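Enquirer: Take a look at this one; I'll ask things after.
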Amino acid sequence: MSRPRIGIGTDLHRMVHGRPCILAGVEIESPVGPIGHSDGDAVLHAVCDALLGAAGLDDLGTVFPDTDKRWKDCPSDHFVKEAMLLIGEKGLVAYSLDIVLQLDRPKIAAERPRMRKRLAELLGLAPDRVNIKGKTLEGVGGKGESVSVTAVVLLGDR
Ligand code: MG
């Protein structure tokens, strides 16, 4: 790894009734789900910003503006795949990904293996190069009404 590059991304979405709960590209059984222009997958949005940031590219909102109808209800794994193509064009690959996922509901402990697997597939990594940690929000901002994500990614030369 001659020239490593680190990137950070964060995201915050409201959790509302009647939305599918898709986080890290995985649908989870839940009474509430993240609302957004796309599918609201705050994990994948934070991952995209970390990837784009590490590669010195424009941020997610610039590359995929939420005023563009093409991205309405778009599965967010599309954004990650596009970001991976963009970093690939710069001769870069992902080496590792670490995530903190904060939400009060649903509980994600049982979903972590599926999330790691999906994230690893999207970034072309072995699952042990990906981690995702769940924390509660302790009711800050209302009980179970938001999801907050921080993602850190390490990129390097292919
Ligand atoms: Mg978002």
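The values are calculated or read from the model by the stated rules, or taken from the named source; none is laboratory data. Since this is a predicted model, take the numbers as computed values, not measurements. Heads up, the Cβs are rebuilt from the backbone with ideal geometry, glycines too, and the neighbour counts pull from every protein chain shown. Note: accessible area is taken over every heavy atom of the protein model, side chains too, but ligands, DNA and RNA are not part of it. Shrake-Rupley method; radii C 1.70, N 1.55, O 1.52, S 1.80 Å.
Enquirer: Compute the whole-percent fraction of alpha carbon pairs in region 1-70 spaced more than 17 Å apart.
Expert: Across region 1-70, Cα pairs with separations above 17 Å total 49 percent.
Enquirer: Oh, and also: In square nanometres, what is the average projected area of the Cα convex hull of region 67-158?
Expert: Result: a mean projected hull area of 7.2 nm².
Enquirer: Expressed as an acute angle from 0 to 90° and rounded to the nearest 10, what is the orientation of the C-alpha long axis of helix 112-123 relative to the principal long axis of the chain?
Expert: So the inclination is approximately 30 degrees.
Enquirer: Per residue, how much accessible surface does region 112-158 expose to a 1.4 Å probe? Answer in Å², no decimals.
Expert: Dividing the accessible area of region 112-158 by its residue count gives 54 Å².
Enquirer: Return the equivalent ellipsoid semi-axes of region 39-81 as a descending list in whole Å, where each equals the square root of 5 times an eigenvalue of the C-alpha gyration tensor.
Expert: 17, 12, 7
Enquirer: Please report the antiparallel percentage of DSSP beta bridges with both residues in region 1-139, rounded to the nearest 5.
Expert: The answer is about 50 percent antiparallel.
Enquirer: Carbon and sulfur together cover what percent of the accessible area of the chain at a 1.4 Å probe radius?
Expert: Ligands and nucleic acids excluded, carbon and sulfur reach 53 percent.
Enquirer: Can you tell me, using C-alpha contacts under 8 Å and at least 6 residues apart, the relative contact order of the chain as a whole percent?
Expert: 35 percent
Enquirer: Oh, and also: Could you work out how far the C-alpha centroid of region 92-115 sits from that of region 60-79, in angstrom?
Expert: Spelled out, the Cα-based centre of one part sits 21 Å from the other.
Enquirer: Here's a follow-up. What is the ratio of the Cα radius of gyration of region 3-42 to 2.2 N^0.38 Å, with N the residue count, to two decimals?
Expert: So region 3-42 has a normalised radius of gyration of 1.43.
Enquirer: So what is the relative contact order of region 94-158, in percent, for Cα pairs below 8 Å that sit 6 or more residues apart?
Expert: With pairs under 8 Å counted, the relative contact order is 57 percent.
Enquirer: Hey, could you grab the Kirkwood Rh for the chain? Inverse mean 1/r over distinct alpha carbon pairs, Å, one decimal.
Expert: 15.5 Å
Enquirer: Could you tell me which of the pairs Lys81/Lys135; Lys81/Lys107; Lys72/Lys133; Lys69/Lys133 are separated by over 30 angstrom between their Cα atoms in the structure shown?
Expert: Check vs 30 Å cut-off fails for Lys69/Lys133.
Enquirer: Work out from phi, with θ = phi - 60° and the Karplus expression 6.51 cos²θ - 1.76 cosθ + 1.60, the ³J(HN,Hα) of each residue of region 45-50, listed in order in whole Hz, and give x for Gly and Pro.
Expert: 5, 5, 4, 4, 5, 5
Enquirer: Something else now. Once label points are set 7 Å from the Cα along Cα→Cβ at both Lys107 and Leu85, what is their separation, rounded to one decimal in nm?
Expert: My value for the distance between the label points is 4.1 nm.
Enquirer: Please give the length that would be gained between His17 and Asp66 if that part of the chain were fully extended, namely 0.36 nm times their separation in residues minus their C-alpha to C-alpha distance (nm, one decimal).
Expert: Working it through step by step, the gained length comes to 15.5 nm.
Enquirer: Let me ask another. Counting Lys and Arg as +1 and Asp and Glu as -1, each charge on the Cβ, what is the dipole of the chain about the Cα centre in debye, to the nearest 20?
Expert: Computed charge dipole of the chain: roughly 360 debye.
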